[in-house]
1. Given the conditions (1) aliphatic (A, V, I, L, M); (2) within 16 Å of the ligand (Cβ to nearest atom); (3) open to solvent by 80 Å² or more (accessible area, probe 1.4 Å), report the number of the one that MET212 does not fulfil.
2. Here are TYR348, TYR364: which of them is at pLDDT 95 or above and crowded, with 19+ Cβ neighbours inside 10 Å?
3. Quick check on my filter: what residues within segment 180-195 are outside any loop (DSSP other than H, G, I, E, B) and either closer than 14 Å to VAL351 by Cα or within 16 Å of the ligand (Cβ to nearest atom) (or both)?
4. From the list THR230, THR262, THR258, THR251, pick out the single residue that is β-branched (Val, Ile, Thr), modelled with pLDDT under 95 and more than 28 Å from PRO149 (Cα to Cα).
5. Answer yes if at least one residue in segment 76-91 is over 23 Å from THR284 (Cα atoms), within 11 Å of the ligand (Cβ to nearest atom), of a type outside the set (S, T, N, Q) and open to solvent by 40 Å² or more (accessible area, probe 1.4 Å), and no otherwise.
6. Can you tell which of TYR110, TYR123 is open to solvent by 10 Å² or more (accessible area, probe 1.4 Å), hydroxyl-bearing (Ser, Thr, Tyr) and more than 18 Å from the chain's Cα centre (by Cα)?
7. GLN306 is checked against (1) out of contact with any Cys (no Cβ under 6 Å at 6 or more places or on another chain); (2) crowded, with 22+ Cβ neighbours inside 10 Å and fails just one. What number does that condition carry?
8. Consider THR198 against the criteria (1) closer than 16 Å to TYR12 by Cβ; (2) assigned to a helix (DSSP H, G or I); (3) modelled with pLDDT of 95 or more: it satisfies all of them except one. Which criterion is unmet?
Amino acid sequence: MKHILIMGGDGYLGWPTAMYFSNKGYKVTVADNYLRRNESKRLNCLPLYEVPDLEERSKIWYEKTGYEIKVIIGDLTSPDIIRNIFNGKVQYNWAIDKNFSGLPETVVHYAEQPSAPYSMIDYVHSNFTIQNNLLVTNNLMYSVRDLSPETHIIKLGSMGEYGTPNIDIEEGWIDIEHKGRKNRFLYPRQGGSIYHTTKIMDTDLLWFGVRMWNLKVTDLMQGPVYGIETEESKIDNRLRTLFNYDEIYGTVINRFITEAVTGYPLTVYGKGGQTRGFLNIKDTLQCIYKAESSPAKSGELRIFNQFMETLSVNEIADKVKFVGNKLGFNVIIKSIKNPRKESEEHYYNPVHQGLINLGVEPHYLTDDVLTEMFKVVEEYKGNVNKDIIMKNIRW
Ligand SMILES: NC(=O)c1ccc[n+]([C@@H]2O[C@H](COP(=O)([O-])OP(=O)(O)OC[C@H]3O[C@@H](n4cnc5c(N)ncnc54)[C@H](O)[C@@H]3O)[C@@H](O)[C@H]2O)c1
């Protein structure tokens, strides 16, 4: 079976991805430096419930399924940590077969500082985000170039790379005719935060690697993800992924549900017409799997827009209010001064056909999906610290 390396395997998306592939029989290695855990502690925005660390989770997974997820704890901005995974000198923090040194056929690169507000706290956090995200991507690119050029890199980009232009957003590329001549270019990008700007620079780095060294790269322009449970986490609550509801790490749907459960007014920024492409965490797993199963070709930067439906913040707030009220919560929607510099009413029409063509079957934000999330959040209602919902980070 294939070997897949998941960089950032302790994260919101990384751990469910690791279990998903392990369950399908892949050899799975995860690498992480606990940045997300440590920073959420330092910034006083702890997740809704505690999750065991990566080594403990891998042991639980092994006890429950008999499948092994090998664990490497280390900072991937350090070139040696990544290169050792590819040059036979890897040291696992947890593994049954500690001598395994097979090259990964696929790397899923999640290992970044993923929060726009975090990157906008001040110049220190901005510098950190730039340094962390670009160094990890560059280290990976060089490791693959030097040590395993056949490895397929699947990198998580963001729909936020495109911004909100007043024309349709294509899937990564656009054909431009200028003074009678034509060429194909990366679709114009304009990030709305330093974090999003690092995602643009990641794409540029990998596009360079593809042009120079024929790397195989899939760049997934993902929208904000919502959800908690996946099929694999249902085996044992300790396998649930982390869930944040604060302004720094909580994505909007996860945050609104927590607000609704605790009687905190849903925090709509400004007019609430901000529209984005959303997807269920279960669809992130499907998309990565489909991208893995039919890899990019040598010398190809393949870009897919990874979301299943577009929703405005007002539409999400209305859906959460409707379901919350039905479940007996008194949900109030409140427009607050927008802490971000962004359009609050705009045109938004991004293409998202590539992953559907590969066979992804979308989940949508239905009342049932929201109800399932409400139930999990309600279980941990007592842990919610309302003081951390808004952190007053301004652009
Ligand atoms: N969650 C979303 O809604 C969303 C949307 C679009 C794109 N993305 C992208 O998907 C990826 C994963 O997002 P997430 O929500 O799971 O974030 P996350 O913070 O939960 O996961 C990222 C993981 O990478 C680790 N990491 C970061 N820097 C590292 C380093 N230098 N060395 C080792 N490990 C490191 C962190 O500790 C964390 O566990 C990110 O690249 C993010 O930009 C996420």
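1. That leaves (2) as the condition not met.
2. Numbers: TYR364 fails: crowded, with 19+ Cβ neighbours inside 10 Å.
TYR348 is the lone residue from the list that is at pLDDT 95 or above and crowded, with 19+ Cβ neighbours inside 10 Å.
3. Going through segment 180-195, the residues outside any loop (DSSP other than H, G, I, E, B) turn out to be 181-186, 194-195.
Hits for segment 180-195 are ILE194, TYR195.
4. On the way: THR230 fails: modelled with pLDDT under 95; THR262 fails: modelled with pLDDT under 95; THR258 fails: modelled with pLDDT under 95.
THR251 is the lone residue from the list that is β-branched (Val, Ile, Thr), modelled with pLDDT under 95 and more than 28 Å from PRO149 (Cα to Cα).
5. First, pick out the residues of segment 76-91 that are over 23 Å from THR284 (Cα atoms): 77-91.
If we keep only those that are within 11 Å of the ligand (Cβ to nearest atom) too, we end up with 77-78, 81-82.
From what is left, the residues that are of a type outside the set (S, T, N, Q) are 81-82.
Within this subset, residues satisfying the condition of being open to solvent by 40 Å² or more (accessible area, probe 1.4 Å) are 81.
Checked against the condition, which is being over 23 Å from THR284 (Cα atoms), within 11 Å of the ligand (Cβ to nearest atom), of a type outside the set (S, T, N, Q) and open to solvent by 40 Å² or more (accessible area, probe 1.4 Å), segment 76-91 yields at least one hit.
6. On the way: TYR110 fails: more than 18 Å from the chain's Cα centre (by Cα).
After ruling out the rest, the residue left standing is TYR123.
7. The number of the failed condition is (1).
8. The single condition THR198 does not satisfy is (1).
The values are calculated or read from the model by the stated rules, or taken from the named source; none is laboratory data. What you see is a predicted model, and the numbers here were worked out from it, not measured in a lab. We place every Cβ from the backbone using ideal geometry, glycine too, and count neighbours over all the protein chains shown. Side chains are part of the model used for accessible areas, which takes the heavy atoms of the whole protein and leaves out ligands, DNA and RNA. Shrake-Rupley method; radii C 1.70, N 1.55, O 1.52, S 1.80 Å.
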